[in-house]
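One structure is given here, and the rest of the page talks about it.
The values are calculated or read from the model by the stated rules, or taken from the named source; none is laboratory data. Everything numeric here is computed off the predicted structure, so don't read it as measured data. Note: ideal-geometry Cβ built from the backbone for every residue, glycine included; neighbour counts use all protein chains shown. Calculation scope for accessible area: heavy atoms of the full protein, side chains included, ligands and nucleic acids excluded. Shrake-Rupley method; radii C 1.70, N 1.55, O 1.52, S 1.80 Å.
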Amino acid sequence: MTGNEIRRKFLEYFEKNGHKVVHSAPLLPANDPTLLFTNAGMNQFKDVFLGNEKRDYVRAASSQKCIRAGGKHNDLDEVGKTARHQTFFEMLGNFSFGDYFKEDAINFAWDFLVNEMKLDVNRLWFTVFEGDGEVPADTEARELWIKAGARPERILPFGRKDNFWQMAETGPCGPNSEINYYLGDEPENPEKNHPKWVNGEGDTTMEIWNLVFMQYNRIETAPGHYKLEPLPAPSVDTGLGLERMTLVMQGVSSNYDTDLLRPIVEFTAELSQG
Ligand code: SER
């Protein structure tokens, strides 16, 4: 399956499920001093999550062009060291603005990956927010993954760094749940397909999809002091890496070997040979 087909399948799946397909926003965000470049699919919906703007739809899906080369989400230091980071990438996303919440977000993700894309469930791992003094543990997400079909031992708790997502220092945010994919040769071997690789070293197991359960607005109360206020309505913001999903579907071991990026690498190599 080509990268273009994966993009199309994703958008068609969510359109069929009541989502308005929206164009990618420009890489330079309009009117947002908290961002230099667009870093996620949700950027163009920030004011909708905050309740400051209304659209004529409550569900959306997009393939957003993103740059993560600075700021809160900076992949620059990882580029060239891992098989899965670029400075520029496309983020497939589905969004709910006060419409569906956790259960549907989890069921859509499971259905798309397992039933539509036919991924091997033995290779999937899930993470949920473990909770801290400010935000409770997301036991609900854990239960919902189990209900969807995930094995309990494949659901792991993590802290703020991995399982609480915010766009910038301020703005919409919430606990998140990530879907990870084991890329190794022995999915049946628990010694190899091991939980230590989830958010661990290397590319053995790789995050493919992040589901954010948007519940808060992080505001600055005094210089360097922040607090979380509830959003007008619980919402959903997800991001599935197009190049990573293409890597998985094409059975290659690097994003740069997918049909999305390989031709660019080859063309650059040709140019460099004069
Ligand atoms: N905003 C979340 C992220 O960038 C989900 O799309 O990971």
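Note: relative contact order over the chain, using C-alpha pairs below 8 Å and six or more positions apart, is 21 percent. Inter-label distance, residue 252 to residue 5: 1.5 nm, where each label sits 7 Å from its Cα along the C-beta direction. Within the chain, no helix built from a complete DSSP H run reaches 30 Å or longer along its own axis (Cα positions) while carrying a mean Kyte-Doolittle hydropathy of 1.6 or higher. The portion of the accessible surface of the range 1-154 made up by carbon and sulfur, rounded to a whole percent, is 48 (1.4 Å probe; DNA, RNA and ligands excluded). Using bins of 10 Å that start at zero, the share of Cα-Cα pairs per bin across the range 71-205 amounts to 10, 36, 40, 12, 0, in whole %. With bins 10 Å wide beginning at 0, the percent of Cα pairs of the chain falling in each bin runs 6, 29, 38, 21, 5, 1. Summary value for the range 130-274: 16 percent relative contact order, contacts being C-alpha pairs under 8 angstrom separated by 6+ residues. In the context of the full protein assembly, residue 63 retains an accessible surface of approximately 10 Å², using a probe radius of 1.4 Å and ignoring ligands and nucleic acids. Considering all different alpha carbon pairs of the range 128-274, the Kirkwood hydrodynamic radius works out to 17.7 Å.
Between residue 214 and 235, 236, 237, the built amide H atoms are under 5 Å apart, and every one of these is 5 or more places off in sequence or on another chain. Anything over 28 Å Cα to Cα? Flag those among 147/192; 72/147; 102/192; 46/161; 72/118, in the order listed. With Cα atoms farther than 28 Å apart: 72/147; 102/192; 72/118. Rounded to the nearest 10 square angstrom, residue 165 shows an accessible area of 30 square angstrom against a 1.4 Å probe.
Annotation: the range 1-145 has a Kirkwood hydrodynamic radius of 17.2 angstrom, from the mean reciprocal C-alpha pair distance. Note that the chain presents 48 Å² accessible area per residue, ligands and nucleic acids not counted, probe 1.4 Å.
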